[in-house]
Each structure stands twice: as C-alpha cells, then as structure tokens.
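Each value in this text was obtained by applying a stated rule to the coordinates, not by laboratory testing. Bear in mind the structure is a predicted one, so any value in this text is a computation, not a measurement. So basically every Cβ, Gly included, is an ideal-geometry build from the backbone, and we count neighbours across all protein chains shown.
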There are 2 protein chains.
Amino acid sequence: MSISDKKVRVLCVEDDPQLRTFLLAQLKARGFQAQAVSDGAQAIDLAAIFQPQLILLDLSLPTLDGLEFLRRLREWSKAPVIVLSARDEELVKIKALDEGADDYLTKPFSLNELLARVRVALRRADETERLRSGTTGSDLQRPVYKCGGENGLVVDFAHRVVRTGGIEVHLTPTEYDLLCELSRNAGKVLTHRELLQRVWGPDYSGENTYLRTFIRHLRRKLEPDPTQPRFLLNELGVGYFVPPSDSQEL
Amino acid sequence: MSISDKKVRVLCVEDDPQLRTFLLAQLKARGFQAQAVSDGAQAIDLAAIFQPQLILLDLSLPTLDGLEFLRRLREWSKAPVIVLSARDEELVKIKALDEGADDYLTKPFSLNELLARVRVALRRADETERLRSGTTGSDLQRPVYKCGGENGLVVDFAHRVVRTGGIEVHLTPTEYDLLCELSRNAGKVLTHRELLQRVWGPDYSGENTYLRTFIRHLRRKLEPDPTQPRFLLNELGVGYFVPPSDSQEL
DNA sequence: AAAATCTTCACACAATTTTCACAACAATGC
DNA sequence: GCATTGTTGTGAAAATTGTGTGAAGATTTT
C-alpha cells in the first residue's frame, strides 16, 4: 500500500491529555488517520492491530516506559518513530535514537516542524515500502505467527505471548527466543548451528544438546501430542523448522 | 555494498574551517571515510565523484546556497542529508526538510547527538540498500533446478526441498548433497572422483560403492521408473550427470 | 530460602551411512 | 555367437550417527 493511495495511519502515544487531543486534531485536519493512546502497554496492542505507518511517542508513560515500548515494537515492526519528550538530556536522546527511534523532538516544539519531520519520515518509509512490495521479503512486519487453524499455534510477537488451542502458554526466555527464531523463518529449515548461534550466541555452535532439550520443552508445552509433533519439526541431520504461517487477514 | 562491510563514506559540506576540521577528525576517528568541502558548487562535483553514503550539510555557503545544493543533489542522489545550521528559524528548517533533508540540527549541537543521528540515517539507508540489492541484484546462481516439465524433477536450493511430479520428497543429507552437486552442474558429466571428493570429502576418492548406493537411493525416490532413469544418468566409465535445466523465462 | 530456569549427562531408539556379496550389463577380442 | 573383463545396479546386513527422553546438578531469579 503506497502512502499516497489512502490516508496514512499515525499512532500517537502521549501521556498528556491536552497535547494528545491537540495532536490528534491537527493530524486529522491534515488528512491523517490518527489514533491515540496514553499508556505504553495499550500502545503495543494498538500498534499490532492498527498497524500505523508512523508513531509519535512520548517517552514518559505510565505502566510501560517509552524506551521499553520502543524496544518491544522494534522486535517486529519497522514503522518510523518520532519521539516527543520534555527531557533534553543528551543521554536520553542518544539512547532513544539508538534504540530505534527515527527522530527526537524536545518539548515544546513547533507544530510545523513536527509536521515537516513527519513528512520526512514518511517519505523514507514510503520508499522502502515500495521496494519491499516487489520482493518476497515477508520477514518481520507481521506481528503474529499463526499455524494450524483454530486450535493451532499462535506466536504474538508484539505481546511476547504464545497460545496453543486458544490457551496462553508460559515460556521461559530461552524457549521464547528459540520459538521466535523458528517462527520468524517459518517454512525454512534452520540448521543446528544457525539456531545455536542466534539464540545462545556465537560461542555455542557445537552444543546440540541444548537444542534437543529446549525443543523438547517447547513440544511438551505446545504440541497436542508431543510424540507426533505438528509444529516443531525436525529435518534429520540438518536442523529444525516450523510450517509456514497460515495466510491471514489484515 | 552493505554499510557494515567497509568504511562508510561521509561528505561534509561546511563553510566554517574550524568546524570542518573538527568534524572531519571526529568522523575519521570513528571509522568513517570522510571528505570535506567548503563550497556548494564543489560539493556537487565531489558528491558525484565520492558517492557518499551520508552528507552533512551547512546551509550558509558561498557560491551555491545550501538549499540549492540539496535541490540539485536530490535530482540524482538519495543519500541521506543531515543539515547543520546556525539558523533556528522554523521556516528555514521546514524548507530544508521538505527539500529533501533527512534531519536538521541547530548549531551549536552536541557531537554525540549528531553521531547518534548519523547512525539513525545510516541504519535506514542500509535497510533500503539491502532491499534494493535483493530485487535488482542478479542472482549468480539460479535458485532452482527444473527438469522434465510438469511431472519432472525440481530442486529448490533455497528451501532445501525436492519435488517430483509435484510431490515433495524427503532426502537424507547425503542424498541431498549428491543431488545438489549434480544439479548445480546440470548437463555436465561429473567423474566419480569429483563427486566423491565434493560430497564425502577429499579422503574418499576411491569409494565408488558409496556412489552406486546413493545414486540408487536417489533413483528409487525420484525416478518414475528406476529401471530406466530419466534424471540421474550414467556415463559408463566416467561418472554421473543430470540433464540440463529446463529454460524458464519469467 | 524457594522457585524457576538453564546446563549437563547417560541411555534408548530410529534414521542414516557404510559395508559386503552378488547379479546384470556393456564393451572387447576371439 | 561366446567368454572375458571391468563397470554398474541390487538387496540386505552391520556400524554409525542423530534424535528423543528423563532426570539430576548448577545457576539465576524472586
């Protein structure tokens, strides 16, 4: 979807109700389809559903810190983020920019400047979008992996939540990382070395035992019948893989 | 060329000699390949020759205005531009951003913030670069081997999948390696020694029995009639080969 | 201290590779 | 034609390797 085609979706994550209302109004007046939330946890939810093409982010949020939101978002989304913050300290700025923010404006800021910077961000994003649409590159962008229909497996990258048969399953950090790596490359066999290096780090390329153990844990938690796996599959002598994601709605 | 591969080329267009020297030194100290000019007309020339991956641009220049430079540059280059200016007026900022600048810093600025914003710009540019090379970049080797039309043999190297008559066939690691070696050199007879060395390693050049066994396994799995092979063919006394890949236009 | 998580080990079992003995086949010379 | 020789195809075994398993110890988190 090209940005010139339809209304551009902008998500505004802002604590201060006054500024939030103001931004929302201004954005809408300029032809954007804008939504707003005041809270970081909700913001992740909305980002996954609303799939905004641009995010305006206040750093000081209740429940989930702005930087933490950014970190979580970047696990599955590349949408440009412009940080709006009252804090002018160099360290905070740099942290935010290195954590994945595309721009940083200090309050109080000029509305026109913000809008100009919004145009810059969208200009860049539109370009990469045009490139992406030509390729198969389906990696990332999609906030969930789904497989096996109604009673199947769901990995919700945005919320770091995994469900099987509709029931939420608790995974340990390593278990989740391993499952993530597999479901991000669904349909492709990842070799033992690849998995070990990506999940445990570059020094563990020989420890096949780790993989066996954690694959077993995952199967025990996720497979209806761990004896006959449907999701976590093995290619003997090569590695492991999960089936391709079900083709989905938007 | 990925940005992480080699030194990133940065062009610094700056009037003030003191700041120019300072930026140049800082950039080089941080592993960039940096060049500088003080004049807009020269800058265009140098940009064309040096092909920088990032440009730092002062707005107040002799001979050719910074904005004019930007306009000219954007006619043929998409390299990210970060404007450094003493002027803090809203109108100038907006003009620059809309004219194609990616960021705008007001002097005096913090060096660390500039470097962070440089990283942001390069991060985005690297991403689009990767996409671009993926689409246009001519794959050196064809990603699939196809032979025998609709009900024939297909080897999908990228996915490590083999199909015959449309049905996916499971191959063991050695079987797959052997088939790969043959189909990568389709149409060419590979000697026993060549195959053994490439698939089993340099110490197995005498074990012809291996070849016979695995060719048999492959034929049993892939050939409609293993008695009369269509794909895995033998050149008596020399070695084995597969027919050339079907020409496939897109 | 307790709980959760990660690491390590030894064994059973299944898939794969290696090995072997022999049948079938093509090329050559009689 | 026929036997000879070397090469290729065949089936089935033994040996090896890879994977699934439970469970115990070490480490980290709470």
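So the values come out like this:
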read-out: Proximal lysines to B:K6, defined as alpha-carbon separation beneath 17 angstrom and excluding residues fewer than eight positions away on the same chain; value: B:K28
read-out: Reach of A:K107 by Cα under 20 Å, taken over lysines that are not fewer than 8 positions away in the same chain; value: A:K93, A:K95, B:K93, B:K107
read-out: About the Cα centre, charge dipole magnitude for region B:1-127 (Lys/Arg +1, Asp/Glu -1 at Cβ), debye; value: 560
read-out: Prolate/oblate/rounded label for region B:1-75 (Cα gyration tensor, a/c 1.5); value: oblate
read-out: Listed residue (A:L178, B:L196, A:N112) projecting farthest to the positive dipole end of the protein assembly as shown, Cβ model; value: B:L196
read-out: Trypsin sites (Lys or Arg not before Pro) restricted to region B:1-59 and DSSP loop, no more than 11 other C-beta within 10 Å; value: B:K6
read-out: Values of log10 I(q)/I(0), in the order q = 0.21, 0.27 Å⁻¹, for region A:170-224 under a Debye, Cα-only, solvent-free model; value: -0.76, -1.21
read-out: DSSP bridge pairs, chain B: antiparallel proportion in percent, nearest 5; value: 50
read-out: Where the Cα pairs of the protein assembly as shown fall when distances are cut into 10 Å bins, in %; value: 3, 15, 21, 21, 18, 12, 7, 2, 0
read-out: Cα gyration tensor shape of region A:54-148, rounded if a/c is under 1.5, else prolate or oblate by comparing a/b with b/c; value: oblate
read-out: Student exercise, the protein assembly as shown dipole from Lys, Arg, Asp, Glu Cβ charges, in Debye to nearest 20; value: 960
read-out: Average other protein chain Cβ within 10 Å of Cβ, residues A:100-107; value: 3
read-out: Rounded to whole Hz, the Karplus (6.51, -1.76, 1.60) HN-Hα couplings of region B:6-20, x for glycine and proline; value: 10, 4, 7, 8, 10, 9, 10, 9, 9, 6, 5, x, 5, 4, 4
read-out: Dipole magnitude of chain A about its Cα centre (Cβ charges: Lys, Arg +1; Asp, Glu -1), debye to nearest 20; value: 580
read-out: Placed amide H near A:Q33: partners under 5 Å, 5+ positions off or other chain; value: A:V8, A:R9, A:V10
read-out: Cα gyration tensor, chain A - rounded (a/c under 1.5), prolate or oblate; value: prolate
read-out: Rounded Å value of the spacing that divides the Cα centres of region A:164-180 and region A:193-250; value: 12
read-out: CD proxy at 222 nm, helix term only [per DSSP H run n ≥ 4: -39500 (n - 2.57); per residue of the protein assembly as shown; nearest 500]; value: -13000 deg cm²/dmol
read-out: Dipole axis of region A:57-154 (+1 Lys, Arg; -1 Asp, Glu on Cβ), positive-most option in A:C147, A:S60, A:S77; value: A:C147
read-out: Cα long-axis angle, helix B:40-50 against chain B (0 to 90 degrees, to the nearest 10); value: 20
